[in-house]
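Encoded as structure tokens, the structure appears first; notes follow it.
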Amino acid sequence: MIQIITTRRLRDQETEMGRLRAALVSMTEARDAVRRAEGMASDAVMRAEYNVEKLTAQLDAAQVAQAETDVQYAGLHAVIRQVTAERDDARAEAAAALAEVEEARAQVLLDAEDRVALRALLRIAKKGADPLSTVFALFESGRLHSVHLSRDDAHAAAEARGAAPGGWVPGTECSVPMEDVAWRVEPLPLSPRK
């Protein structure tokens, strides 16, 4: 009976040893798996740290580039404001110059009209035929505008320049100062009064 117990025990122990060996193999495999997992985790951590450093460097470079872009953007805005102001000044100067040219052109036309009237007067005077005793001066706001052979010609010239048609008051009968009247016709005698 001792032998049976010992054999049984021996078998039990061998079974237990087999189980323990299997457990040891299993634990060894688990340990190796854990070591492999640790190695993989360590590699993953190193890659993550490398990626963090790389991304941090890229972020720093992007921030520097953004700061440079902001400076350039502010500079461009200043240039745009300056160019816009210069353009507006140039437009104002061009408008003023155009107004001066138009005023000069109008004065040239008035001077040409005066020369035509004076030439007509000279022709009449040179011919000696029916010399004029009076011409009619057209004044605009007190300034001589032109000289005409007749009052009707003076009225027509004023109306062509924007004066209201009709309603003319003879200059000698008007009590308003000459500079306060938009358009006025005054007779001017050519021969000295006796």
Residues meeting the amide H criterion for S150 (H placed from the backbone, H to H distance under 5 Å, 5 or more places apart or on another chain) are F136
With x for Gly and Pro, the residue-by-residue ³J(HN,Hα) of segment 92-103, computed from phi through the Karplus equation 6.51 cos²θ - 1.76 cosθ + 1.60 at θ = phi - 60° and given in whole Hz, is 5, 5, 5, 5, 5, 5, 5, 4, 5, 5, 5, 5
Once amide hydrogens are built 1.01 Å from N within the peptide plane, the residues lying 5 or more places from H145 or on another chain with amide H under 5 Å from its amide H are L138, F139, E140
Residue by residue through segment 11-17, the couplings from Karplus 6.51 cos²θ - 1.76 cosθ + 1.60 with θ = phi - 60°, in Hz, x for Gly and Pro, are 5, 5, 5, 5, 4, 5, 4
HN-Hα couplings for segment 137-150 via Karplus (6.51, -1.76, 1.60; θ = phi - 60°), in whole Hz with x for Gly/Pro, come out as 8, 9, 10, 10, 6, x, 9, 4, 9, 6, 10, 10, 6, 9
Everything considered on the Cα gyration tensor (a ≥ b ≥ c; rounded for a/c under 1.5, else prolate if a/b is larger than b/c, else oblate), segment 1-115 must be described as prolate
Under 5 Å from the placed amide H of W183, counting only residues 5+ away or on other chains, we find S141
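Every read-out reported here was derived from the displayed coordinates using simple, explicitly stated rules and does not represent laboratory data. Nothing here was measured: the structure is a model prediction, and the numbers come from that model.
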